[in-house]
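Following: one structure in structure tokens, then a few remarks.
The values are calculated or read from the model by the stated rules, or taken from the named source; none is laboratory data. This structure is a prediction, so every number in the text was calculated from the model and none was measured. Methodologically, a virtual Cβ is constructed for each residue, glycine included, from the backbone with ideal geometry; neighbour enumeration extends over all protein chains shown. To get the accessible areas, we keep the full protein, side chains included, count just its heavy atoms, and leave off ligands, DNA and RNA. Shrake-Rupley method; radii C 1.70, N 1.55, O 1.52, S 1.80 Å.
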Amino acid sequence: MNWQVKYALKYILATHGTASGQHIRDDAIRITMPDRPEAVAVISAAYTINDELAMQCHTDYPDMDFLCGYRKECVWGGGAIRYLESNTIGWGSAGTLNSAINKGKVNTAAHKDYSFSYRLIRQNRSITNLDREFDRVFTMTLASGRTFRVGMVTEYEPIADSIRTLWDQFGPIDIAWNINPNGHPTPEAIEAGRDLECEVMKWDELKLLLWNR
């Protein structure tokens, strides 16, 4: 049994006392809870999940309900996200899987760190085109024709290194959106953004940009 499968089973059973888990084979487990649909989850140790890997997992496990990127550092490509969602397969972190099991909505779950914020953007009528490049990076085109590449930052209080790391890993962005509702970017993060010609924003500032499209 692979290490990530072992830890996933241990975590799920410890968190959900009424749950039972079964190792099917390789990276796949079956999760059963009273009054919840049975779910098959594939637990990946990959650092990056792209469309090729997502398709291969689906081929290997046709009844897959959820693809879990178990590493905290895991990055999801936009192609993988689109493929999984179009096939009604949930995706995200171990925490996302855990929450989805509790709600009984495993096959429609999306990465819990980004799902609420991305839904806000997806439902905004000021945006005429939306391209999700990665789990945390998207490009939006407004009704005015203006286009912005946005990176979502989850830290409570992003520091300068948070902005620079996002830029280095995913390329130039126009907006670093601090999506944590409880914190605020540090002055150093805002200054780092200026140096990169990137605005560091909270939701209220981003809303003004959308309204003044």
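Below is a table of values for the structure above.
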item	result
The chain - mean residue ellipticity at 222 nm from DSSP helices (-39,500 (n - 2.57) per run, n ≥ 4, rounded to 500)	-11000 deg cm²/dmol
Selected from PHE66, PHE134, PHE170 as most flexible by GNM, with the chain as the system and alpha-carbon contacts under 10 Å	PHE170
By accessible area with a 1.4 Å probe, ligands and nucleic acids excluded, highest first: order of ASP65, ASP35	ASP35, ASP65
In nm, spacing of pseudo-spin labels at TYR7 and GLU73 (7 Å Cα→C-beta vector)	1.2
Cut-off 12 Å between beta-carbons: net charge of the residues surrounding ASP60, Lys and Arg +1, Asp and Glu -1	-2
FRET efficiency, 1/(1 + (r/R0)^6) with R0 35 Å, evaluated for THR165 and THR108 via beta carbons	0.70
Neighbourhood charge, 10 Å Cβ-Cβ cut-off, centred on ASP174 and excluding it, Lys, Arg +1 and Asp, Glu -1	0
Dipole of the chain, positive end: most advanced residue of GLY92, VAL40, ALA189 [Cβ charges, Cα centre]	VAL40
Helix runs (DSSP H) in the chain reaching 15 Å along axis by Cα, Kyte-Doolittle at least 0.0	3-15
Whole-number percent relative contact order across the stretch 1-159, with pairs defined as alpha carbons under 8 Å at least 6 apart	14
Pair SER86, LYS202: separation of 7 Å Cα→Cβ label points (nm)	3.9
Share, in percent, of DSSP beta bridges within the stretch 3-103 that are antiparallel, nearest 5	50
Cα centroid separation - the stretch 80-113 against the stretch 137-213, whole Å	25
Correct option for Rg and Dmax of the Cα atoms in Å [calculated from the coordinates] among (1) 20.2, 73; (2) 17.2, 53; (3) 18.4, 54	(3)
Simple spin-label estimate for THR154 and THR32 in nanometres, 7 Å along Cα-Cβ	3.2
Test item: Cα-centred dipole of the stretch 115-211, Lys/Arg +1 and Asp/Glu -1 on Cβ, debye	600
Mean accessible surface per residue for the stretch 59-131, computed with a 1.4 Å probe while every protein chain stays in place, in Å²	49
